[in-house]
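Worksheet for the structure shown next.
The values are calculated or read from the model by the stated rules, or taken from the named source; none is laboratory data. Since this is a predicted model, take the numbers as computed values, not measurements. When we count neighbours, we look across all protein chains shown, and the Cβ atoms used for this are built from the backbone with ideal geometry, even at glycine.
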């Protein structure tokens, strides 16, 4: 560095130093994020067999064939992808609103000015977020086993709990079944989308997936609670007091003062939630490997499984890109929506 | 009557909080207790304390008749290397972006933003392809090097460096210190809170990492805790439910992240409290 200082213009030195400082990060990110994305894009449009380098001679370009097979076919691969997308969709639809609401509720409760032992509660709610997903899945498999603690607690209130992680029944199907609606002679059973019948699309998450949904809320609400607490602390105490002197009760203050001011934070939490909940992998790899009856299969796990266990690399890569597209589209849609509501105000 | 109702209302949130705290803490207590009980008892009575029948058999088996010590060692090796390396590289890059007006800075900045948007799970297959091509598959290098850079960490450091008054660095430069000297012996020591944040994030991140280790190594010698315990959970190593041993393994692997979290959290709070007082 001393040598650099004595040579050339000050400007040139700075450029060299600047690039030297960012070089390690740029090289690592380039090599392990950018190059992989390009490589996988190629593999997803090739017939590479997994043997030899993917850019070698003899590996052919097949265009969008892998994608067309997955999205437009009628075979097992399409059905599996459809099933995985359905499972993950219900997971997202339930986890994102519940974890946002729970995190907001926890933040408001913990942030009360007259609170005692605030630090204790914050730590208690945040702790599950610190532990690894593997450790939590192990704990969950125990808590929700057929004769486990959760069913034990349910039995105290005379509920006969299901064998959670072995139960493939969709919870909407269970509810519909209670009213006598079944898949037999159901008009929905005729129509198919991505190889899945309409009746199967409305199954809801399976009982096994529901246990994972509860787990996601348990492990992520603490992180988002911290974000909401930071947001709440930005809100001026005077605004709250003004509302109070105007005679607003607790609920009105929350609904018309706190919530509108927290809106940007709610959007952040929902965006982060949407991105995170489409990437369910660790839980499935550790806990169920997609079972029972493929009802906990997710696109991320399916893509991994296609490549690493079935050695169908092009299909695995194509599924990864389909998942990527879903996440990008949702993020962009959400940004646009925020943009519109900001302008509308 | 009215005052009594208000009294109840004032206490209600606190009662709700305590109930919620019980729900959040109870699973871990149930885990600790059951890891010290015999297999058969746990299967029969998961919520009984069964004082008479406590046993450390699960822990004994983990430490003497399983690869658990090896997994632990691997997790420590990888986590420590990643944490030290990441703190260094990420703060270097953050300093460059915050303080050195070099040509191409805008491009680097945009690139890092774009990288943060790529979901990690999408990279599993391609990352394996590159690691394999580069020739570091199934080695510590393959497990460690890809984790050394983290775009979010660069931004945390950059933001912190920007909050330090430039005057201090200018004084050092007048005294003849080079860019690296200024960064290393003046700016970095002043950045303890931000460095601590990176330490916590990367320790936690790499200790809890699973998918990257699945795609970067396969030999049993390189199994980390996350991979080993995941295999244990899916029943590849045991017959029957074997809940106590699984719960014990999950509990033990949580201890280091928990310890790091509690120690450093306190320290961060002290540092910022000290800064406010001055």
Q. Can you tell me which residues in region A:141-157 are in contact with a helix residue (DSSP H, G or I) (Cβ under 8 Å, 6 or more places away or on another chain) and at the interface with another protein chain (Cβ under 8 Å from one of its Cβ atoms)?
A. A:141, A:142, A:143, A:145, A:147, A:148, A:149
Q) Within region A:78-183, which helices (runs of 4 or more DSSP H) (wholly inside it) include 2 or more residues that are buried (at least 18 other Cβ atoms within 10 Å of the Cβ) and without any contact (Cβ under 8 Å) to a residue 24 or more places away in the chain? A) A:118-130, A:133-143, A:149-156
**Q.** Residue under evaluation residue B:118, criteria (1) part of a loop (DSSP other than H, G, I, E, B); (2) more than 9 Å from every other protein chain (Cβ to nearest Cβ); (3) at pLDDT below 85, criterion not met
**A.** (2)
Q: Quickly run through region B:20-52 and pick out the residues that are surrounded by fewer than 13 Cβ atoms within 10 Å (Cβ to Cβ) and more than 11 Å from chain A (Cβ to nearest Cβ).
A: B:40, B:49, B:51, B:52
Q) Here are A:3, A:18, A:50: which of them is on the phi > 0 side of the Ramachandran plot and at pLDDT below 90? A) A:50
Q | Condition met for residue A:36 (assigned to a loop (DSSP other than H, G, I, E, B) and at the interface with chain B (Cβ under 9 Å from one of its Cβ atoms)) | A | no
Q. More than 15 Å from the chain's Cα centre (by Cα) and part of a helix (DSSP H, G or I), is that true of residue B:241?
A. no
Q: Kindly indicate which of B:52, B:106, B:85, B:94 is at pLDDT below 85 and in a helix (DSSP H, G or I).
A: B:52
Q: Assess whether residue B:123 counts as being modelled with pLDDT under 90, at the interface with chain A (Cβ under 7 Å from one of its Cβ atoms) and either out of contact with any strand residue (DSSP E or B) (no Cβ under 7 Å at 6 or more places or on another chain) or assigned to a loop (DSSP other than H, G, I, E, B) (or both).
A: yes
Q.
Out of the residues in region A:238-251 meeting the condition of being under 22 Å from residue A:103 (Cβ atoms) and surrounded by fewer than 13 Cβ atoms within 10 Å (Cβ to Cβ), tell me which one is modelled with the highest pLDDT.
A. A:251
**Q.** Unmet criterion (only one of (1) at pLDDT below 95; (2) farther than 29 Å from residue A:38 by Cβ; (3) in a helix (DSSP H, G or I); (4) not assigned by TED's automatic domain parsing to the domain that holds residue B:30) for residue B:101
**A.** (3)
Q) Which residues, taken from region A:289-313, are more than 10 Å from chain B (Cβ to nearest Cβ) and more than 15 Å from residue A:212 (Cα to Cα)? A) A:293, A:302, A:305, A:309, A:310, A:311, A:312
Q. Which residues, taken from region B:98-107, are in contact (Cβ under 8 Å) with a residue 12 or more places away in the chain and facing chain A (nearest Cβ under 7 Å)?
A. B:100
Q | Members of region B:170-205 found to be within 14 Å of chain A (Cβ to nearest Cβ) and more than 32 Å from the chain's Cα centre (by Cα), listed by number | A | B:170, B:172, B:173, B:174, B:175, B:176, B:177, B:178
Q.
Being in contact (Cβ under 8 Å) with a residue 24 or more places away in the chain and within 11 Å of residue A:315 (Cβ to Cβ) is the filter here; which residues of region A:51-72 pass it?
A. A:66, A:67, A:69, A:70
Q) In region A:29-44, which residues are surrounded by fewer than 20 Cβ atoms within 10 Å (Cβ to Cβ) and under 30 Å from residue B:181 (Cα atoms)? A) A:30, A:31
Q: For residue A:118, indicate whether it is under 15 Å from residue B:15 (Cα atoms) and more than 9 Å from chain B (Cβ to nearest Cβ).
A: yes
